Amino acid sequence: MRRNGADFPKAVDSTGKECYNMVDYSNTIRFLWHDREAKVEFSSILDMEESPYKKKRRPAFYQDLNLDQVIERIRLDWGEEVSSFYYWFPANSDCEDYRREVFSDVKTGYFYDILCRFSGKMKQRREACAWKGEVKENLQKAVWHLREVGCYCEAFGELWEAMKELPLKSRGMQAFREYLSRYLTGAFYVEMQSRAAELLIDMKDFRLVLTYENDRIAIAQGEVEGSYDDFLENLFPGHGRLLVSPFTADVNLVELEEGLMKAFRKRNPDFFRGVEEFYGEYGNYADECLIRFASEIGFYLSFYRFQGKMRERGYAFCEPVMRGRTVPVQARGLYDLALACAGREVITNDAILYPEERFFILTGPNQGGKTTFARSLGQLVYFAKMGLDVPATSAEVYRFTDILTHFSVEESVETGRGKLQEELERLADIMAASQEDGAFTFVVINELFTTAANYDAGIMGKRVLEYFLAKGSRGIYVTHLSELEGEDPRLVSLRAMLDENGRRTFRIDRSREDAPADAGSLVGKHGLTYEQLKERLA
């Protein structure tokens, strides 16, 4: 068997019947698309090449940055499982741009609505496939398979008609459109679609009328108005809806239905034979690339739907500008998306890191928004790397290769290890990850060495910073140790600000002058100044 010039290896299905193995040979189902400047080999709308991150377990930073909460909200809003697409980064910066281009097309005009209708049709196909697996009778399996193929043909046929004239700009969508055009005009698809359409028309015309009289059931081909439930309601006014239809009790055929099929099959053998032959000939009908597209497009659609709902609630998103390392990385109106998803009050902040600067050192009062700000920076880098819009009003982001995080954890009773030991072990892991060839990582460290004495914590903290500075990493270090700021021009001091009354504003600023005021304001607010204590104890 050949399709689009590719020979498919034969395999044997679970019944011992010879078939064609589409999955194992999916790499050949590709179409080379050429334009004036580029050549794109289409195999995925999500990745230009297989991502090495795909083989790794879910990154540790997911939980540290509360991305698991955001992705769960996206999944619930979309209504289908798409979480796995958010677990790995694209293979490289070109693949990131590939995704960003596709997402830009998805957001253009009414293409999003077109793709949602397509996705709905493919959901019907998956449901038909599920029913096919549930039923026991071969004839039922054949009928559900026919419906499955019908949904498949309808979905991709309608998608092609809707998108063939659209001004799509992304390499991914242009290459997919060319691939789909070739596939839909291929001999295999044309024959399959024609036969499926004819059988579906015959099946829709397949109607029986049962007449029960004098303990006999008469079967005739025909049609009556209304459903069986309507018939019961008319026969027993006010009580019909309380009766259970024998045709909806189970997905498998009940005894009555089996008898009807046997009787009618004798009268219409050609129809039943046609359905069963179609099932046998087109058991492995689906094109692997198209099925992959139908699955992967949910990545873009689910995020755009989620983004639209968040915008309705007043939260901003923007397409980030990806920059080289010779210009500042900055964001305006930055916020913690997980906090926004939870319905909590959100304070936006601005951030800028100039080319000669490497790390933010963030200090300030407890519960002043330090950890939230650090998470928002990590989320900014994550969504930019994923090729999606970011939670900010404007953003310019470096092309980081990875995100590494270290957040404070509680002592482990199960392992018997102390908190400091567990922190050091986790720290060793992210340090090792930053040593990979070509690594340009964004590092988020939150309250490290809190169980150590300040003097020891300061020494260890400086060594950690020196390590990541030597690796060329960028990032943020949230700490209670103001001495980490030092005089190194690569370190930028940030402060969680208080107002004139010592109340937390949750604003983050680059100012150094407020450092003494933070502690002094808290001491005064809680009546712990020398004069206040002296007066109270007198």
Seminar exercise, completed: Most exposed to least, judged by fewest other Cβ atoms within 10 Å, 62, 477 sort to 62, 477
For this session: Calculate the spin-label point distance for residue 83 paired with residue 462, positioning each point 7 Å from the Cα along the beta-carbon direction, and give it in nanometres.
Result: 4.4
Problem set entry | Backbone HN-Hα couplings from phi across the stretch 172-180 [Karplus 6.51/-1.76/1.60, Hz, Gly and Pro as x] | x, 6, 5, 5, 5, 4, 5, 4, 5
For this session: Using DSSP to define loop residues, name the GluC sites (Glu not before Pro) in the stretch 150-230 whose beta-carbon has at most 13 other beta-carbon atoms within 10 Å.
Result: 165, 223, 225
For this session: Calculate the dipole size of the stretch 113-187 relative to its Cα centre from +1 charges on Lys and Arg beta carbons and -1 charges on Asp and Glu beta carbons; express the result in debye to the nearest 20.
Result: 220
Problem set entry | Selection of GluC sites (Glu not before Pro), the stretch 57-110, meeting DSSP coil and at most 15 other Cβ within 10 Å | 80, 81
Seminar exercise, completed: For the stretch 80-90, Karplus-derived ³J(HN,Hα) couplings (6.51, -1.76, 1.60; θ = phi - 60°; whole Hz; x for glycine and proline) come out as 9, 6, 10, 4, 4, 5, 8, 8, 10, 7, x
Exercise. Arranged from highest to lowest average of other beta-carbon atoms within 10 Å per residue, in what order do the peptides 393-403, 114-124 appear?
Worked result: 393-403, 114-124
Problem set entry | Distant-in-sequence amide H partners of residue 333 (H built 1.01 Å from N, under 5 Å) | 349, 350, 393
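All of the numbers you see were taken from the coordinates with simple rules; none came from a lab. Predicted, not measured: the structure shown is a model, and the values here were computed from it. All Cβ positions, even for glycine, are placed from backbone atoms using ideal geometry, and neighbour counts span all protein chains on display.
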